[in-house]
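J.: Here's a structure for you.
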Amino acid sequence: MRLINILDVEVGSKIAKPVYDSKLSLLINKNATLTETLLNKLKQADIRHLYIEDELSKGVILEPLISDEIKLQAFVIMKNIYESQMDKVEKTADTVRESTIRELKDLVDDIITEIYSSNELKYYSTELMGAEMYHYNHAVEVMILSMLIGKKMGLDRERLLKLGMGAVLADIGKSKVPSEILNKKGKLEPAEFEEMKRHVEYSYHILKDLVGLSSLSRQIVLLHHEKLDGSGYPNGFQGDQIPLLVRIATVCDIFSAIVSDRTYNNRISVDTAIEILRSAAPTKLDQDVFGMLLQVVDIYPPGTLVELGNGQYGIVIRSNLNSPTRPILKLISKNEDLNEYKEIDLMEELTLFIKKVIPKLP
Ligand SMILES: [Fe+2]
């Protein structure tokens, strides 16, 4: 299985992961064959990437840490909360039912159980594909990544739950931002950006009266755009004014946003996202947290197409746990039958190195 840009996918391709519409109904199922009509439907729904199964990606297994079923359950709850807030003038909690928050809490708790039972804590960004799903994908991804880092940093189960709840609900206030600003394809005007920034206060107000949501979770919601150097919002807090749990959610929020398809930007590869974060890390982001992020995400996730230093091309099959920049690859030669590929382990071929990630074969 591998991720492919919808502009490069061919009619007749086998779909490897289901795609949903904005109502979370199935648009196209796993193992289906892509027809011209379906492809047009997906493009109309602004689906930009698909997971497919082909000769090139044979043997590439992308096993998500958290199952798609659990993610879909989280999406349904998030969608309910999101929609309960849209078109409501008041920015308060009256329309979010406490039972919904309890349901979400139970689900986050189930995810913690899955995290505890996994031997390997690597997260692949194997999002559910679907129309207008960015907000739900992002919320769930930030929640999972934050809890993985929290666990690595030794947080107990109770604090992990508070971290996960804060992280998943942090952007719920975007339901109050006018959709022409939220979904604008171009750069935001200064006044529009100011309104966008207000989502943290909207989130906070929506949740502040809810019984069952801890003050730590609420703090994450309010402060998840603060930066260590004081350049963040809404308060311009600096250094120790920003609690550790907030710093974890902030790093995961930025990372997840960069590696996702958004209205105004297409996804960027994980290795580039890491470099962008690295350049911001010393002054704006917590370095220890950033170091932990490098331990929980895969720089070259399985299915990534790469160009090697010697000019050859390859597809990543799986990573080497102790050497994230030297995965196991299938070498691709355009003149050979793809079934006759050669598998190499970059830990054994030390003169070879990955030069760059490529979106498709030239
Ligand atoms: Fe946010």
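Every number here is computed from the coordinates shown, using simple stated rules; none is lab data. Keep in mind the model is a prediction, meaning the values are calculated, not measured. Backbone-built Cβ (ideal geometry, glycine too); neighbour counts: all protein chains shown.
J.: In nanometres, what is the gap between the two model label sites at residue 196 and residue 69, each 7 Å from Cα along Cα-to-Cβ?
T.: 3.8 nm
J.: Along the charge dipole of the chain, which of 279, 291, 42 sits closest to the positive end, that is, farthest toward it, with unit charges on the beta carbon of Lys, Arg, Asp and Glu (+1, +1, -1, -1)?
T.: Comparing the listed Cα positions along the dipole, 279 ranks first.
J.: Sticking with this one: Could you give me D for the stretch 201-283, from Stokes-Einstein at 10 °C and 1.306 mPa s, where the hydrodynamic radius is the Kirkwood radius over C-alpha pairs? Units µm² s⁻¹, please. Can you show the working numbers first?
T.: Details: Rh = 14.0 Å.
It diffuses with D of about 114 µm²/s by this estimate.
J.: Going 7 Å from the Cα of residue 343 toward and past its Cβ, which residues in the stretch 289-309 have a backbone nitrogen under 16 Å from where you end up?
T.: Label zone hits: 302-304.
J.: Right, another one. Suppose R0 equals 22 Å; then what is the FRET efficiency for residue 48 and residue 276 from their Cβ-Cβ distance, rounded to the nearest 0.05? Could the numbers behind the result be given before it?
T.: On the way: r = 20 Å, r/R0 = 0.89.
It comes out at approximately 0.65.
J.: Would you be so kind as to identify which of 12, 341, 138 lies farthest towards the positive end of the dipole of the chain, taking Lys and Arg as +1 and Asp and Glu as -1 on Cβ and the Cα centre as origin?
T.: Farthest towards the positive pole: 138.
J.: Let me ask something else. In sequence order, what are the phi-derived ³J(HN,Hα) couplings for the stretch 24-35 according to the Karplus relation 6.51 cos²θ - 1.76 cosθ + 1.60 with θ = phi - 60°, rounded to whole Hz, with x for glycine and proline?
T.: 6, 8, 5, 8, 8, 8, 4, 6, 6, 9, 6, 9
J.: Counting other Cβ atoms within 10 Å, which chymotrypsin sites (Phe, Trp or Tyr not before Pro) in the stretch 235-283 have at most 16 and lie in a DSSP loop? Working shown, then result.
T.: Details: sites: 237, 255, 264; in loops: 237, 264.
Loop-located and lightly packed - 264.
J.: Round to the nearest 10 and give me the degree value, 0 to 90, for the angle of helix 68-85's Cα axis relative to the longest principal axis of the chain.
T.: It works out to around 40 degrees.
J.: Another question, then. At 7 Å along the Cα-to-beta-carbon direction for both residue 244 and residue 117, put a label point, then send me their distance in nm to one decimal.
T.: Result for the modelled spin labels: 2.8 nm.
J.: Still on this model: Just how large is the dipole of the chain about the Cα centre, in debye to the nearest 20, putting +1 at every Lys and Arg Cβ and -1 at every Asp and Glu Cβ? Kindly include the intermediate steps, with their values, before the conclusion.
T.: Values: 45 positive and 53 negative charges, 77 e Å.
It comes to approximately 380 debye.
J.: Under a straight-distance cross-link criterion of Cα-Cα below 14 Å, which aspartates and glutamates are reachable from residue 71, leaving out those fewer than 8 residues away in the same chain?
T.: The qualifying aspartates and glutamates are 63, 103, 106, 109, 110, 114, 127, 141.
J.: In addition: What FRET efficiency, computed as 1/(1 + (r/R0)^6) with R0 = 25 Å and r the Cβ-Cβ distance, is obtained for residue 11 and residue 361, rounded to the nearest 0.05?
T.: Values: r = 18 Å, r/R0 = 0.74.
After rounding, the FRET efficiency stands at 0.85.
J.: Now, a different point. Relative to the first principal axis of the alpha-carbon coordinates of the chain, what is the inclination of helix 244-258, with its axis defined by its Cα atoms, in degrees from 0 to 90 and to the nearest 10?
T.: 50 degrees
J.: Mind listing the phi-derived Karplus ³J(HN,Hα) values for the stretch 271-276, rounded to whole Hz, using 6.51, -1.76 and 1.60 with θ = phi - 60°, and x for any glycine or proline?
T.: Couplings: 4, 5, 4, 4, 5, 4 Hz.
J.: If the viscosity is 1.002 mPa s and the temperature 20 °C, what translational diffusion coefficient in µm²/s does Stokes-Einstein give for the chain when Rh comes from Kirkwood over Cα pairs? List each step's numbers first, then the result.
T.: Values: Rh = 21.4 Å.
It diffuses with D of about 100 µm²/s by this estimate.
J.: Give me the one-decimal nm value for the distance between modelled label points at residue 132 and residue 102, 7 Å along each residue's Cα-to-Cβ direction.
T.: Between residue 132 and residue 102, the simple spin-label model gives 3.0 nm.
J.: Tabulate in residue order the Karplus-calculated ³J(HN,Hα) for the stretch 38-45, using 6.51 cos²θ - 1.76 cosθ + 1.60 with θ = phi - 60°, rounded to whole Hz; enter x for Gly and Pro.
T.: With the stated coefficients, the stretch 38-45 comes to 5, 4, 5, 4, 5, 5, 4, 7 Hz.
J.: Same structure, new question: Between residue 129 and residues 5 or more places away or on another chain, which pairs have amide H atoms under 5 Å apart, with H built 1.01 Å from N, and which residues are they?
T.: Distant-sequence amide H within range of residue 129: 20.
J.: What's the angle, to the nearest 10 degrees (0 to 90), between helix 287-296's Cα axis and the longest principal axis of the chain?
T.: The angle comes out at about 50 degrees.
J.: In addition: Name the GluC sites (Glu not before Pro) in the stretch 8-69 that are in a loop by DSSP and that have at most 12 other C-beta atoms within 10 Å, would you? Write out the running numbers ahead of the final one.
T.: Working: sites: 10, 36, 53, 55, 69; in loops: 10, 55.
Sites meeting the loop and neighbour criteria: 10, 55.
J.: Amide H of residue 355: which non-local residues (sequence gap of 5 or more, or other chain) have their own amide H closer than 5 Å, using H built in the peptide plane?
T.: Under 5 Å from the amide H of residue 355 lie the amide H atoms of 307, 308, 309, each far enough along the sequence or on another chain.
J.: So, R0 is 25 Å and r is the distance between the beta-carbons of residue 184 and residue 283; what FRET efficiency does that work out to, to 0.05?
T.: On the way: r = 28 Å, r/R0 = 1.14.
So the FRET efficiency works out to roughly 0.30.
J.: Taking amide H positions as placed in the peptide plane 1.01 Å from N, state which residues far from residue 260 in sequence (5 or more) or on other chains have amide H under 5 Å from it.
T.: Under 5 Å from the amide H of residue 260 lie the amide H atoms of 268, each far enough along the sequence or on another chain.
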